[in-house]
Amino acid sequence: MRIALTISLILLTTILHGQNNYFNLGLKGNGICAGNSSNYNGIRLNLWDKNVNSIIGLTISGLSQCIQSNGIQIGGLAAYAKKHNGLVISGLFIGGDKYNGVGITGLSPFADTLNGLFVGLWGVTPWSRYDTIQVVNGIAIGGLGVYASKLNGLAIALLRNTFDKLNGVSIACFNTTEELHGFQFGLLNYAGNNRKLFRWTPIFNFNLRKKQPKVESNQE
């Protein structure tokens with residue numbers, strides 16, 4: 001009976017998802033709630049988030065969207081937060097501006113900045129050609145590939161890893177980067193800053209030279 005009542009309350013508040021209505025067990029804004037609470041600390045259950053500011057604790061939603069989330073965020077289809085600190089699990093997508101922690105999703109996690117461990121069964125990639133993952137600091141594991149402007153750490157994929165700048169290790173069938181400072185392991189590897197003879201190599205490629213600082217010329 002209690003479970004049925006909770007589900008009914010969630011469905012009711014989801015119908016009114018444009019409003020921040022919710023059923024609360026505990027002190028105001030703290031404890032356990034079912035519905036579209038704008039700010040909450042504790043365990044929060046909802047089917048469709050909207051106009052949510054800050055959540056601290058555990059959030060379970062069918063479609064999860066908020067400005068900032070600290071803790072555990074579980075979205076049945078998609079989980080979004082401008083900034084998230086903690087663990088994010090989603091059936092399809094993870095999106096936002098900055099993520100610190102661990103992100104696991106069925107298709108692809110995406111943000112301007114990814115700090116931590118991120119796993120996408122499809123890949124760790126932008127959602128369209130107009131989007132970019134600016135930097136990944138940590139470990140990225142993508143089913144088909146990992147695509148980012150810059151990687152500092154480790155990338156593992158079945159098919160292809162592509163970066164503008166790579167500081168670390170890239171493992172895939174095909175690895176490409178315009179600037180390599182580290183290692184590539186795959187059937188075919190490309191490093192644009194290697195000497196011409198060693199830009200394309202099978203199995204293994206590396207560059208351990210330090211980046212040379214640009215020298216600005218003074219013109220009188």
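Every read-out reported here was derived from the displayed coordinates using simple, explicitly stated rules and does not represent laboratory data. Computed from a predicted model, the values in this text were never measured in an experiment. Cβ atoms come from the backbone with ideal geometry, glycine included; neighbour counts cover every protein chain shown.
So the values come out like this:
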{"read-out": "Inter-probe distance in nm under a simple model that places probes 7 Å from Cα toward Cβ, at ILE32 and LYS82", "value": "3.2 nm"}
{"read-out": "Listed residue pairs exceeding 30 Å between alpha carbons, taken from LYS83/LYS210; LYS82/LYS210; LYS98/LYS165", "value": "LYS83/LYS210; LYS82/LYS210"}
{"read-out": "Segment LYS210-ARG195, length gained on full extension (0.36 nm per residue, minus Cα span)", "value": "4.0 nm"}
{"read-out": "Protection proxy ranking, peptides 198-204, 184-190, 144-150, average beta carbon neighbours within 10 Å, highest first", "value": "144-150, 184-190, 198-204"}
{"read-out": "Sites ILE203 and GLU179 - FRET efficiency at Förster radius 22 Å, r taken between beta-carbons, to 0.05", "value": "0.60"}
